[in-house]
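> Provided herewith is a single structure, encoded as structure tokens, for subsequent inquiry.
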Amino acid sequence: MTELTELTIHEAYALLKKGELSSVDLTQAYLDRIDVLDGRLHAYLAVTSDETLEQARRADERRAKGEDDPLLGIPVAYKDVLCTQGVETTCGSKILAGYKPPYTATAIDKMEARGAVMLGKTNMDEFAMGSSTENSGYGVTRNPWDTERVPGGSSGGSAAAVAAQMATAALGSDTGGSIRQPASLCGVVGLKPSYGRVSRYGLVAYASSLDQIGPFSRSVADAAVLLGAIAGHDPQDSTSVDMPVPDYIAALTSDLKGVKVGVPKEYFIEGIDPAVERIVRAAIDQLKELGATVQEVSLPHTDMALPVYYLIAPAEASANLARFDGIRYGPREQGDTLWDTYCQTREAGFGPEVKRRIMLGTYALSAGYYDAYYLKAQKVRTLIKQDFDAAFEDVDVIACPASPTTAFRIGEKVDDPLQMYLSDVFTLALNLAGNCGISVPCGFDDDNLPVGLQLVGPAFGEERILRAAHAYEQATEWHKRVPVLSG
Amino acid sequence: MTQYEPVIGLEVHAEMLTESKMFCACPVVDSTEAPPNTTVCPVCTAQPGVLPVINRQAVEYGIKVGLALNCTINEFNQFARKSYFYPDLPKGYQISQYEHPLASNGWLDIDVDDETRRIGITRAHLEEDTGKNIHMGSSSLVDLNRAGVPLLEIVSEPDMRSVEEVEAYARKLRAILVYLGVNHGDMSKGVLRFEANISVRPTGSDEMNTRTEIKNLNSIRSLVRASQYEIARQIKLVESGGQVIQQTMGFNEESGKTTVQRSKEYADDYRYFPEPDLPPLNIDRAWVAAIEKTLPELPDAKRERFIDELGLSVQDAGVLVADKATAEYFEAALKADVDAKTVANWVTGELFRLMNAAGVEIEQVKVTPEALVDLIKLVEAETINNNTAKEVLEAMFETGHSAGEIVKEQGLAQISDSSALEAIIEQVLEANPEPVEKYLGGKEGLFGWLVGQVMKETRGQANATVVNQIMRERLEGMRKA
């Protein structure tokens, strides 16, 4: 029998349903593995052990009473940007050290209603700002495939936990690639839903018009189950869309007959790792073998996505992060005056990348600069969205890399923010357009580092990308590879 | 020497007294009385990760005010973030409206010195109130009960040219908000706050000079005092060759002076941008039309009706409609079959006199409209005369007893019975032979004195008409005899 921690949601569900496995045993296996491995990987900021086992016991009781749900009793991890009532939620920032929210995020409420068991809170770049998890205020997470390398970011902890079998699945958040890029770098499935598909209530905001919560998993089918659990309208989030949630599992097929796949010519650019290009192109050929037709498409404003993102996201962040003032929660550095208290609290509480983005955003919104920066960026954002709209008139899904490189070395890009920002060059346009995207494992480079194939759909086209990703996954073995780790 | 006139525009912040706050489900309470931080939730305390949801009732209230102020209700509404740091502002930004307000381009007519002036309304937009900082010695505490209470900011054009106009505008606007039921108008509770933008210029000129802005005026009295002071200050400054600088001022209630809070070069940059947590709000025309149908009769319309249909004087009608509760009191009295002018006289005369003397508002008056009508009926039935009625009203005002009870208790009923009065008149004539003699000798003026003696004997309760008649008959009879 395989190790319990290797099971996907669907595999574990089959055993749980048959009564051959209890949630308590499954959960304990994960807690034991976390105990062994996480000292080295540091995917978790907090493991809620006692409460976790209590939840597992309750799940077993529910199942014993006849409840049946694929998520009932499944141990999962949550990115620390999601509020959990009574459980410390720091967003990877010192400024929220010790903060225990008085409420739980809607997405987690929904997971708990379905019976998922919380293992703990995962590490992340501070306030989801970063692509390597090195910006965490609590230390870096290591990539399970090579512990000298980053897991990607900002949801690096969630990606690493799933890859290292320290959770069956996890939730993360994606503002410019923070699910898909670490999924790619850690060799797991990562899905960013369309903007408005999942409630943001309880997701600590980085850039409100771009943030979405999404799943990490070890199979596409698992991602489909997780998305089905967390998607849907929430009266507490006015930007969540009131559309029925489809049966995502029912959308999964093994072939891709009649599916039109577009390959954007602007996504195979200079600077892309040749191994990544080769592996992704091979994956696209595989889609063809599965029955899809492949054609080139153009997204002409692609090169503007990064500058547009780095105006809009920091602008929104500069306001979103204003509430961290040491007045109502979080540590306070008491100054002589109110202003000193603000400055010292924020000076001590925020890391350099967060400060950089607050300054960028404050500048972009300042009187006299607003039109030239923020407003202009919003106009170009519309053009980027129109690019996708036009492309999706011709094709059903767009295929491209999720990241221009495989996992890079810890420390390699920390002193070069621009180089770091380029890690998200293939992912952030989707957030600007509100589209959905998934990264699915599609190969390994010569250093045995995973590569992700990104499949992009139009807004609320999750069924299409899940179908394409699932068919690809079923035809390949990449997702079955696991990193070799020992305590 | 040059004469100067002020140019004044007002910004009025009116709390919308909805059931819940602007963006969360917390109740709107009297923030001067509720224990601190008892009506708060994750949203209005700005916990990380929370999101705002627009309160439909607040939008409805805002639309009501916009319509009452003859504004266009804009179909496309957008909320915006106004960023600044202060402990009473939990998110570090206030959700307000900036480029796309709820209502714009309206007007309000005011009456000053028997002249009607039309004051333009630039816009009215929805936003959220802040909490309150409470300073205690070297430390400060924050109460967030008020944080998130819906506010409507009503901005006028700089159309006012005197402090009298400012006061009339403020009072009229307050009355309209109370009529609409969106604000109770009690400024001691902080539900209505004013900011005045003031500049001065030579009378008759149409130039717009540098203005100052006086913030945080919490009563109409402060608004008037601060405006008076600031106008005089600016005129004096200009006359002495100085220049007004664009500044934000505060008003010191004790000294009665305005003081500089900050100059333009230190002005906040609020970094407004569209609130990404709230999609644009499209206001359905049919909804506006439905709201329009529910608008109550407003002061101007009511005044016209009082004049045209009830025959009240312009003066009485104006006084009665200026306050919603007074108008309601008056109209409640009219439900009985009673002369409207008589009721108006009693309310604006005796009742107001008693209220002023006691320093109470009409809501606290113990004399119900029905009780006032009963009093008027007693006068009409000649059970009591007018002077006695005033005494009875005073007793009613103090005790809350009915007119009938008081008349009975104090034996104040008017004596109209001829036989009873004849006996008293007989006594008076017998007791005063000399004046009677003189009257009969031609001193006609003594008639009134003799009647007065009868009134004295009856403690004013005698029916004067009846006394006059009998007295004259008796004296004429004596003359003949």
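The values are calculated or read from the model by the stated rules, or taken from the named source; none is laboratory data. What you are looking at is a predicted structure, and each value in this text was computed from that prediction instead of being measured. Don't worry about glycine lacking a Cβ; one is built from the backbone with ideal geometry, like all the others, and counts go over all protein chains shown. Side chains are part of the model used for accessible areas, which takes the heavy atoms of the whole protein and leaves out ligands, DNA and RNA. Shrake-Rupley method; radii C 1.70, N 1.55, O 1.52, S 1.80 Å.
> Could you please give the count of residues in the stretch A:103-113 that are open to solvent by 10 Å² or more (accessible area, probe 1.4 Å) and within 12 Å of chain B (Cβ to nearest Cβ)?
Step one: filter the stretch A:103-113 for residues open to solvent by 10 Å² or more (accessible area, probe 1.4 Å), giving A:103-104, A:106, A:109-110, A:112-113.
In the following step, the residues that additionally are within 12 Å of chain B (Cβ to nearest Cβ) were identified as A:103-104, A:106.
Adding up the residues that qualify gives 3.
> I'm checking my understanding of the structure. Among residues of the stretch B:406-450 that are farther than 19 Å from B:A462 by Cα and among the charged types (D, E, K, R), which one is surrounded by the most Cβ atoms within 10 Å (Cβ to Cβ)?
Checked the stretch B:406-450; the qualifying residue surrounded by the most Cβ atoms within 10 Å (Cβ to Cβ) is B:K438.
> Does any residue in the stretch B:203-220 that is in contact (Cβ under 8 Å) with a residue 12 or more places away in the chain come within less than 9 Å, Cβ to Cβ, of a residue that is small (G, A, S) and open to solvent by 40 Å² or more (accessible area, probe 1.4 Å) six or more places away or on a different chain, and which pairs are these?
Close Cβ pairs (under 9 Å, with a partner that is small (G, A, S) and open to solvent by 40 Å² or more (accessible area, probe 1.4 Å)) amount to B:N218/B:S188; B:S219/B:S188.
> Starting from the stretch B:132-157, keep only residues that are open to solvent by 20 Å² or more (accessible area, probe 1.4 Å), then list their pairs with residues that are small (G, A, S) and outside any strand (DSSP E or B) whose Cβ atoms are within a distance under 6 Å, requiring at least 6 positions of separation or different chains.
Pairs found: B:V142/B:G131; B:R146/B:S31; B:R146/B:G131.
> Then there's this: Name the residues in the stretch B:134-154 that are more than 13 Å from chain A (Cβ to nearest Cβ) and in a loop (DSSP other than H, G, I, E, B), would you?
Start the filter on the stretch B:134-154 by keeping residues that are more than 13 Å from chain A (Cβ to nearest Cβ), which leaves B:134, B:136-137, B:145-146, B:148-154.
Of everything in the stretch B:134-154, those that are more than 13 Å from chain A (Cβ to nearest Cβ) and in a loop (DSSP other than H, G, I, E, B) turn out to be B:G137, B:N145, B:R146, B:G148, B:V149.
Residue by residue, here is whether (1) open to solvent by less than 70 Å² (accessible area, probe 1.4 Å); (2) small (G, A, S); (3) farther than 24 Å from A:S158 by Cα holds:
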| residue | (1), (2), (3) |
| --- | --- |
| A:T5 | yes, no, no |
| A:A12 | yes, yes, no |
| A:D25 | no, no, no |
| A:Y30 | yes, no, no |
| A:Y44 | yes, no, no |
| A:D50 | no, no, no |
| A:Q55 | yes, no, no |
| A:R63 | yes, no, yes |
| A:E67 | no, no, yes |
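> Condition (residue is of a type in the set (G, A, S), open to solvent by less than 70 Å² (accessible area, probe 1.4 Å) and away from chain B (no Cβ under 14 Å)) applied to the stretch A:373-390: is it met by at least one residue?
yes
> Anything in the stretch B:31-86 that is within 8 Å of chain A (Cβ to nearest Cβ), among the β-branched types (V, I, T) and closer than 30 Å to B:W107 by Cα? List them, or say none.
Correct list: B:I54 only.
> Here's another thing I want to ask about it. Please go through (1) open to solvent by 10 Å² or more (accessible area, probe 1.4 Å); (2) farther than 17 Å from B:A46 by Cβ; (3) at pLDDT 95 or above; (4) not hydroxyl-bearing (S, T, Y) for B:M160 and return the number of the only condition it doesn't satisfy.
(1)
> Within the stretch A:54-76, which residues are more than 29 Å from the chain's Cα centre (by Cα) and in contact (Cβ under 8 Å) with a residue 40 or more places away in the chain?
Of everything in the stretch A:54-76, those that are more than 29 Å from the chain's Cα centre (by Cα) and in contact (Cβ under 8 Å) with a residue 40 or more places away in the chain turn out to be A:R62, A:R63, A:E67.
> Of the conditions (1) acidic (D, E); (2) open to solvent by 30 Å² or more (accessible area, probe 1.4 Å); (3) closer than 15 Å to B:G62 by Cβ, B:D129 clears all except one; give me its number.
Looking at each condition in turn, B:D129 falls short on (2).
> Open to solvent by less than 40 Å² (accessible area, probe 1.4 Å), under 25 Å from A:I179 (Cβ atoms) and in contact with a Gly (Cβ under 9 Å, 6 or more places away or on another chain): is that true of A:T89 in this structure?
Yes, satisfied.
> Next question, about the same structure. Any idea which residue in the stretch A:189-248 is nearest to the other protein chains (Cβ to nearest Cβ), counting only those that are basic (K, R) and touching a strand residue (DSSP E or B) at 6+ places or on another chain (Cβ under 6 Å)? Let's see the steps before the verdict.
Here is the first cut: in the stretch A:189-248, the ones basic (K, R) are A:192, A:197, A:200, A:218.
Next cut, touching a strand residue (DSSP E or B) at 6+ places or on another chain (Cβ under 6 Å) only: A:192, A:197.
Details: A:K192: 17, A:R197: 15 Å.
Checking each candidate, the answer is A:R197.
> Can you go through B:A322, B:A286, B:A327 and tell me which one is outside the structural domain of B:R211 (by TED's automatic domain parsing) and open to solvent by 50 Å² or more (accessible area, probe 1.4 Å)?
Exactly one residue qualifies, and that residue is B:A322.
> Now for a different question. Among the residues in the stretch A:115-130, are any farther than 19 Å from A:R180 by Cβ, of a type outside the set (S, T, N, Q) and assigned to a helix (DSSP H, G or I)? Working first, answer last.
Just the residues of the stretch A:115-130 that are farther than 19 Å from A:R180 by Cβ, to begin with: A:115-121, A:126.
Now narrow it down to the ones that are of a type outside the set (S, T, N, Q): A:115-121, A:126.
Those still in the list that are assigned to a helix (DSSP H, G or I) too: A:126.
For the stretch A:115-130, residues farther than 19 Å from A:R180 by Cβ, of a type outside the set (S, T, N, Q) and assigned to a helix (DSSP H, G or I): present.
For (1) over 24 Å from B:Y84 (Cβ atoms); (2) buried (at least 19 other Cβ atoms within 10 Å of the Cβ); (3) within 14 Å of chain A (Cβ to nearest Cβ), each residue gets a yes or a no:
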| residue | (1), (2), (3) |
| --- | --- |
| B:I231 | yes, yes, no |
| B:M249 | no, yes, no |
| B:S255 | yes, no, no |
| B:D269 | no, no, yes |
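> Residues that are within 19 Å of the chain's Cα centre (by Cα), more than 14 Å from every other protein chain (Cβ to nearest Cβ) and more than 21 Å from B:F352 (Cβ to Cβ): find the helices (runs of 4 or more DSSP H) completely inside the stretch B:278-331 holding 3 or more of those.
Values: elements: B:285-294, B:299-310, B:314-321.
Of the helices (runs of 4 or more DSSP H) lying wholly inside the stretch B:278-331, those with at least 3 residues that are within 19 Å of the chain's Cα centre (by Cα), more than 14 Å from every other protein chain (Cβ to nearest Cβ) and more than 21 Å from B:F352 (Cβ to Cβ) span B:299-310.
> Can you work out which of the residues in the stretch A:335-372 that are among the small types (G, A, S), within 10 Å of chain B (Cβ to nearest Cβ) and free of Cβ contacts under 8 Å to residues at least 40 places away in the same chain is least open to solvent (accessible area, probe 1.4 Å)?
Restricting to residues being among the small types (G, A, S), within 10 Å of chain B (Cβ to nearest Cβ) and free of Cβ contacts under 8 Å to residues at least 40 places away in the same chain, the top hit is A:S366.
> Sticking with this one: Working carefully through the options B:V347, B:V343, B:V338, find the one that is free of Cβ contacts under 8 Å to residues at least 60 places away in the same chain, part of a loop (DSSP other than H, G, I, E, B) and surrounded by 13 or more Cβ atoms within 10 Å (Cβ to Cβ).
Checking each option against the conditions leaves just B:V338.
> Still on this structure: Being surrounded by 22 or more Cβ atoms within 10 Å (Cβ to Cβ), modelled with pLDDT of 95 or more, within 22 Å of A:A207 (Cβ to Cβ) and within 12 Å of chain B (Cβ to nearest Cβ): is that true of A:A322 here?
Spelling it out, A:A322 is indeed surrounded by 22 or more Cβ atoms within 10 Å (Cβ to Cβ), modelled with pLDDT of 95 or more, within 22 Å of A:A207 (Cβ to Cβ) and within 12 Å of chain B (Cβ to nearest Cβ).
> Please verify whether A:R332 is among the charged types (D, E, K, R), surrounded by fewer than 20 Cβ atoms within 10 Å (Cβ to Cβ), in contact with a Gly (Cβ under 7 Å, 6 or more places away or on another chain) and within 13 Å of chain B (Cβ to nearest Cβ), treating the condition exactly as stated.
yes
> Further, regarding this structure: Inside the stretch B:237-256, can you point out the residues that are of a type in the set (D, E, K, R) and in contact with a strand residue (DSSP E or B) (Cβ under 9 Å, 6 or more places away or on another chain)?
B:E239
> Here's something else I'd like to know. I want to confirm something. Restricting to the stretch B:383-398 and keeping residues that are open to solvent by 70 Å² or more (accessible area, probe 1.4 Å) and touching a residue at least 24 places away in the same chain (Cβ under 8 Å), which single residue is farthest from B:V466 (Cα to Cα)?
Here the answer is B:E398.
> Could you please give the count of residues in the stretch B:226-272 that are part of a helix (DSSP H, G or I) and closer than 14 Å to B:V163 by Cβ?
Residues of the stretch B:226-272 that are part of a helix (DSSP H, G or I), as a first pass: B:226-239, B:264-266.
From what's left, closer than 14 Å to B:V163 by Cβ: B:226-235.
Residues in the stretch B:226-272 being part of a helix (DSSP H, G or I) and closer than 14 Å to B:V163 by Cβ: 10 in total.
> Here is a list of conditions, (1) away from every other protein chain (no Cβ under 14 Å); (2) under 30 Å from the mean Cα position of the chain (by Cα); (3) aliphatic (A, V, I, L, M), and B:M22 meets all of them except one; can you say which number that is?
Only one criterion in (1) away from every other protein chain (no Cβ under 14 Å); (2) under 30 Å from the mean Cα position of the chain (by Cα); (3) aliphatic (A, V, I, L, M) is unmet by B:M22, namely (1).
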